Amino acid sequence: LAVALATMRHFSGGAASSYMALYGRWGSSAPGVLAGLLRHPIAALYWLCGPENSGYLWQLLAPLILLPLLAPESWPLLGAALAPNLLSSRPTMHDLFHQYNALVLPVLLLASIGGVREARRMLGPKRARLLPALLLLALLSTLPSGPVMVTWGSLPHLAPPVCREALAEIERVGPGEAVSADSVLVTHLSHRERCYTFPNPFRAAAWGGSVQALRQQGGRAYPPLADAELDAAALCAPVDRVLLCPGAYPLAPRSIGRAVALALLRSPRYGIVHAGRSLVVFQRGADRDEGLRLLGAAAGGAPGAPLPQPPAPPAQGVLGPPQGLLASEALTALWDRWVARSSL
């Protein structure tokens, strides 16, 4: 951990990692966090034994029938691996659904091996034969919240029809094109020199190494932007294609992704070249009217249905809403209807 923090500080020009903000209740630097824990041991113990951490530890240890607790020689290494998660204020670091356990799990399994050795010594040769059965029972009993169910719950993001549709559209992206895509797709495009996680670059979201970007990863600290600002961004952003799976896990709150998607719909610069059951692809310079027909058909309309049109202007002397507003409302209704029909 110390080597990692020193490396990040070196390559950030001497600035501390913005991730230290996750430990702000204890201190603003690694030594400060350690000092804060030593100054407030009761508060630290209360935090470590709180409901988030106790539930998290149970999810880790129960499938292993608490075997790591029988290997005290592994406790220092296990504690060092767990400390960044246990002390963090970020809720997603206290569950099994995210990547923050990549360092924890190998150490946990290593400690389990030592625990098996100690359990066999304590139980004796005959009763030690029950250990495999106990491990199986523990795994089955923790299915609702353990690692097997967590993995099963992620499968809808990789449903075969969605994969086929998404991979086919990814193959159509030209070698020199700049792309913005939802997080579920951007991994397959990240080898490109110009690749953004949507809604970047139209709307900055968790961009860079600032504390604000760190907070935005948790869905906070997004300043409001007017539609006119998003429309201007859609006109000048250096992006050739935008691939969107609205039902996938978003980088930014869904309301922000929706606002940027609507700006792309309004923009004369982009047209839709694909509208399927789970994926929409915008391309710079594509026929906008034809793209709206594709989206209308995917949203449940007839393939040749006319484009959404605003109502006729009011009679002379009668005030009505601006025509641009009515057209925008029609596009919004069309997009929301497609999102409601799409699936992952």
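What is the sum of charges, Lys and Arg at +1 and Asp and Glu at -1, for the other residues whose Cβ falls under 10 Å from the Cβ of ARG277? Summing Lys/Arg as +1 and Asp/Glu as -1 gives 0. Under the convention that each Lys and Arg Cβ holds +1 and each Asp and Glu Cβ holds -1, the size of the dipole of the stretch 28-146 around its Cα centre is about 460 debye.
Kirkwood Rh over alpha-carbon pairs of the stretch 2-78, then Stokes-Einstein at 10 °C and 1.306 mPa s: what D in µm² s⁻¹, rounded to an integer? Using the Kirkwood radius from Cα pairs, D works out to 107 µm²/s. Counting Lys and Arg as +1 and Asp and Glu as -1 over every other residue whose Cβ lies under 15 Å from the Cβ of ALA286, the net charge comes to +1. Fewest-first ordering of GLU165, GLU171, GLU329 by other beta carbons within 10 Å of each residue's beta carbon gives GLU171, GLU329, GLU165. Counting every other Cβ atom within 10 Å of each residue's Cβ, TRP58, TRP47 order from fewest to most as TRP58, TRP47.
Computed from the coordinates by the stated procedures, all read-outs in this text should not be read as laboratory data. Values in this document were obtained by computation on a predicted structure and should not be read as measured data. Glycine gets a Cβ as well: all are built from the backbone with ideal geometry, and neighbour counts include every protein chain shown.
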